[in-house]
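The values are calculated or read from the model by the stated rules, or taken from the named source; none is laboratory data. Keep in mind that this is a model prediction, so the values were computed, not measured. We place every Cβ from the backbone using ideal geometry, glycine too, and count neighbours over all the protein chains shown.
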Amino acid sequence: MKRLTDVFGCGEELSLLGVGVGEGPHEFQILKSLQSHYSSICNVAVDPNEGMLQTFKGRVATLNFDDKSSCHWFTGPLSQFVAESPLAGNKFNLISSIHSLYYTGDFETTFTQLASMMKDKGLMIIVCKNGR
Ligand SMILES: C[S@@+](CC[C@H](N)C(=O)[O-])C[C@H]1O[C@@H](n2cnc3c(N)ncnc32)[C@H](O)[C@@H]1O
(Lines give C-alpha, C1' and ligand atoms only; values in the text may rest on other atoms or scores of the structure.)
Protein backbone atom coordinates (compact mmCIF):
# COMPACT_ATOMS: atom_id res chain seq x y z
CA MET A 1 0.00 0.00 0.00
CA LYS A 2 2.86 2.36 0.89
CA ARG A 3 4.39 1.80 -2.58
CA LEU A 4 1.16 3.10 -4.08
CA THR A 5 0.38 5.92 -1.67
CA ASP A 6 3.97 7.22 -1.90
CA VAL A 7 3.57 7.62 -5.67
CA PHE A 8 -0.12 8.27 -6.24
CA GLY A 9 -1.82 11.00 -4.22
CA CYS A 10 -4.97 10.16 -2.33
CA GLY A 11 -6.82 12.87 -4.27
CA GLU A 12 -6.56 11.03 -7.57
CA GLU A 13 -8.50 8.03 -8.81
CA LEU A 14 -6.80 4.72 -8.19
CA SER A 15 -7.43 2.15 -10.90
CA LEU A 16 -6.97 -1.56 -10.46
CA LEU A 17 -7.00 -4.31 -13.09
CA GLY A 18 -7.36 -7.85 -11.77
CA VAL A 19 -6.60 -10.66 -14.21
CA GLY A 20 -7.96 -14.13 -13.45
CA VAL A 21 -9.42 -12.88 -10.19
CA GLY A 22 -11.63 -15.93 -9.58
CA GLU A 23 -13.69 -15.20 -6.49
CA GLY A 24 -11.33 -12.32 -5.78
CA PRO A 25 -9.97 -13.32 -2.35
CA HIS A 26 -6.82 -11.24 -2.80
CA GLU A 27 -8.25 -8.38 -4.84
CA PHE A 28 -11.03 -7.98 -2.27
CA GLN A 29 -8.45 -7.43 0.48
CA ILE A 30 -6.53 -5.04 -1.77
CA LEU A 31 -9.72 -3.07 -2.51
CA LYS A 32 -10.57 -2.94 1.17
CA SER A 33 -7.16 -1.43 1.96
CA LEU A 34 -7.32 0.95 -0.99
CA GLN A 35 -10.71 2.17 0.18
CA SER A 36 -9.21 3.67 3.30
CA HIS A 37 -6.69 5.66 1.23
CA TYR A 38 -8.54 6.61 -1.96
CA SER A 39 -12.02 8.08 -2.25
CA SER A 40 -12.23 7.22 -5.95
CA ILE A 41 -11.41 3.70 -7.16
CA CYS A 42 -11.91 2.12 -10.56
CA ASN A 43 -11.89 -1.66 -10.29
CA VAL A 44 -11.74 -3.82 -13.43
CA ALA A 45 -11.93 -7.58 -12.95
CA VAL A 46 -11.34 -10.13 -15.73
CA ASP A 47 -12.11 -13.82 -15.48
CA PRO A 48 -13.75 -16.33 -17.83
CA ASN A 49 -15.63 -17.97 -14.96
CA GLU A 50 -18.96 -16.17 -14.56
CA GLY A 51 -19.86 -17.90 -11.28
CA MET A 52 -16.58 -16.92 -9.64
CA LEU A 53 -16.93 -13.33 -10.84
CA GLN A 54 -20.43 -13.21 -9.34
CA THR A 55 -19.00 -14.25 -5.97
CA PHE A 56 -16.36 -11.54 -6.20
CA LYS A 57 -19.05 -9.03 -7.18
CA GLY A 58 -21.03 -9.96 -4.06
CA ARG A 59 -17.98 -9.44 -1.89
CA VAL A 60 -17.20 -6.06 -3.43
CA ALA A 61 -20.82 -4.97 -2.91
CA THR A 62 -20.21 -5.16 0.85
CA LEU A 63 -17.53 -2.46 0.56
CA ASN A 64 -20.14 0.24 -0.15
CA PHE A 65 -18.10 2.27 -2.62
CA ASP A 66 -19.39 5.78 -3.08
CA ASP A 67 -20.54 7.32 -6.38
CA LYS A 68 -17.05 8.36 -7.40
CA SER A 69 -15.91 4.74 -7.64
CA SER A 70 -16.79 2.19 -10.29
CA CYS A 71 -16.52 -1.54 -10.88
CA HIS A 72 -16.36 -3.25 -14.25
CA TRP A 73 -16.70 -7.00 -14.70
CA PHE A 74 -15.44 -8.73 -17.82
CA THR A 75 -16.43 -12.36 -18.23
CA GLY A 76 -13.89 -13.88 -20.61
CA PRO A 77 -10.20 -14.65 -20.99
CA LEU A 78 -7.59 -11.89 -20.87
CA SER A 79 -7.04 -12.22 -24.65
CA GLN A 80 -10.71 -11.37 -25.27
CA PHE A 81 -10.59 -8.47 -22.81
CA VAL A 82 -7.57 -7.05 -24.64
CA ALA A 83 -9.18 -7.53 -28.06
CA GLU A 84 -12.71 -6.36 -27.26
CA SER A 85 -12.99 -4.19 -24.20
CA PRO A 86 -12.52 -0.42 -24.43
CA LEU A 87 -11.24 -0.64 -20.85
CA ALA A 88 -8.13 -2.40 -22.15
CA GLY A 89 -7.07 1.00 -23.50
CA ASN A 90 -6.94 2.38 -19.95
CA LYS A 91 -3.78 2.77 -17.92
CA PHE A 92 -3.92 1.24 -14.44
CA ASN A 93 -2.13 2.15 -11.22
CA LEU A 94 -2.20 -1.44 -10.04
CA ILE A 95 -2.43 -4.71 -11.98
CA SER A 96 -2.76 -8.05 -10.27
CA SER A 97 -2.50 -11.56 -11.63
CA ILE A 98 -2.54 -14.02 -8.79
CA HIS A 99 -2.14 -17.67 -9.78
CA SER A 100 -3.65 -16.95 -13.17
CA LEU A 101 -0.80 -16.30 -15.60
CA TYR A 102 -0.46 -20.05 -16.19
CA TYR A 103 -3.75 -19.89 -18.08
CA THR A 104 -3.30 -16.80 -20.22
CA GLY A 105 -0.98 -18.24 -22.87
CA ASP A 106 2.56 -17.20 -23.58
CA PHE A 107 3.98 -15.58 -20.44
CA GLU A 108 6.09 -13.00 -22.25
CA THR A 109 3.20 -11.85 -24.45
CA THR A 110 0.90 -11.57 -21.46
CA PHE A 111 3.47 -9.70 -19.41
CA THR A 112 4.13 -7.27 -22.26
CA GLN A 113 0.39 -6.69 -22.68
CA LEU A 114 -0.09 -6.03 -18.97
CA ALA A 115 2.96 -3.77 -18.80
CA SER A 116 1.52 -1.66 -21.64
CA MET A 117 -1.65 -1.16 -19.58
CA MET A 118 0.24 0.20 -16.57
CA LYS A 119 0.53 3.82 -15.59
CA ASP A 120 4.00 5.23 -15.24
CA LYS A 121 5.29 4.12 -11.80
CA GLY A 122 2.35 1.74 -11.45
CA LEU A 123 2.61 -1.49 -9.55
CA MET A 124 2.13 -5.04 -10.82
CA ILE A 125 1.51 -7.96 -8.50
CA ILE A 126 2.14 -11.32 -10.15
CA VAL A 127 2.02 -14.49 -8.11
CA CYS A 128 3.10 -17.78 -9.67
CA LYS A 129 3.90 -21.05 -8.05
CA ASN A 130 7.03 -23.03 -8.87
CA GLY A 131 6.57 -26.25 -10.78
CA ARG A 132 3.25 -25.55 -12.53
C1 LIG B 1 -6.05 -20.83 -9.78
S2 LIG B 1 -7.37 -19.71 -10.10
C3 LIG B 1 -6.84 -18.28 -9.18
C4 LIG B 1 -7.98 -17.40 -8.83
C5 LIG B 1 -7.65 -16.23 -7.90
N6 LIG B 1 -6.71 -15.33 -8.51
C7 LIG B 1 -7.14 -16.74 -6.56
O8 LIG B 1 -5.95 -16.52 -6.27
O9 LIG B 1 -7.91 -17.34 -5.83
C10 LIG B 1 -7.08 -19.23 -11.80
C11 LIG B 1 -8.11 -18.27 -12.34
O12 LIG B 1 -7.71 -17.88 -13.66
C13 LIG B 1 -8.87 -17.82 -14.46
N14 LIG B 1 -8.49 -17.94 -15.87
C15 LIG B 1 -8.34 -19.06 -16.61
N16 LIG B 1 -7.98 -18.76 -17.85
C17 LIG B 1 -7.90 -17.41 -17.92
C18 LIG B 1 -7.57 -16.50 -18.95
N19 LIG B 1 -7.25 -16.92 -20.19
N20 LIG B 1 -7.58 -15.17 -18.69
C21 LIG B 1 -7.90 -14.73 -17.44
N22 LIG B 1 -8.21 -15.56 -16.41
C23 LIG B 1 -8.21 -16.88 -16.64
C24 LIG B 1 -9.76 -18.96 -13.93
O25 LIG B 1 -11.11 -18.82 -14.28
C26 LIG B 1 -9.51 -18.88 -12.44
O27 LIG B 1 -10.43 -18.02 -11.80
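Annotations for the structure displayed:
- Verdict on residue 47 being without any contact (Cβ under 8 Å) to a residue 24 or more places away in the chain and either within 12 Å of the ligand (Cβ to nearest atom) or out of contact with any Leu (no Cβ under 9 Å at 6 or more places or on another chain) (or both): no
- Considering the stretch 5-28, the residues that are assigned to a helix (DSSP H, G or I) and away from the ligand (no atom under 16 Å from the Cβ) include one that is surrounded by the fewest Cβ atoms within 10 Å (Cβ to Cβ), namely 6.
- Yes/no for residue 79 being within 16 Å of the ligand (Cβ to nearest atom) and among the hydroxyl-bearing types (Ser, Thr, Tyr): yes
- Residue pairs meeting the criteria (Cβ under 8 Å; at least 6 apart or on separate chains; first within 23 Å of residue 40 (Cα to Cα) and assigned to a loop (DSSP other than H, G, I, E, B), in the stretch 71-85; second near the ligand (Cβ under 10 Å from one of its atoms) and modelled with pLDDT of 95 or more): 85/74
- Subset tally (residues that are within 12 Å of residue 79 (Cβ to Cβ), in a loop (DSSP other than H, G, I, E, B) and within 11 Å of the ligand (Cβ to nearest atom)) for the stretch 96-125: 2
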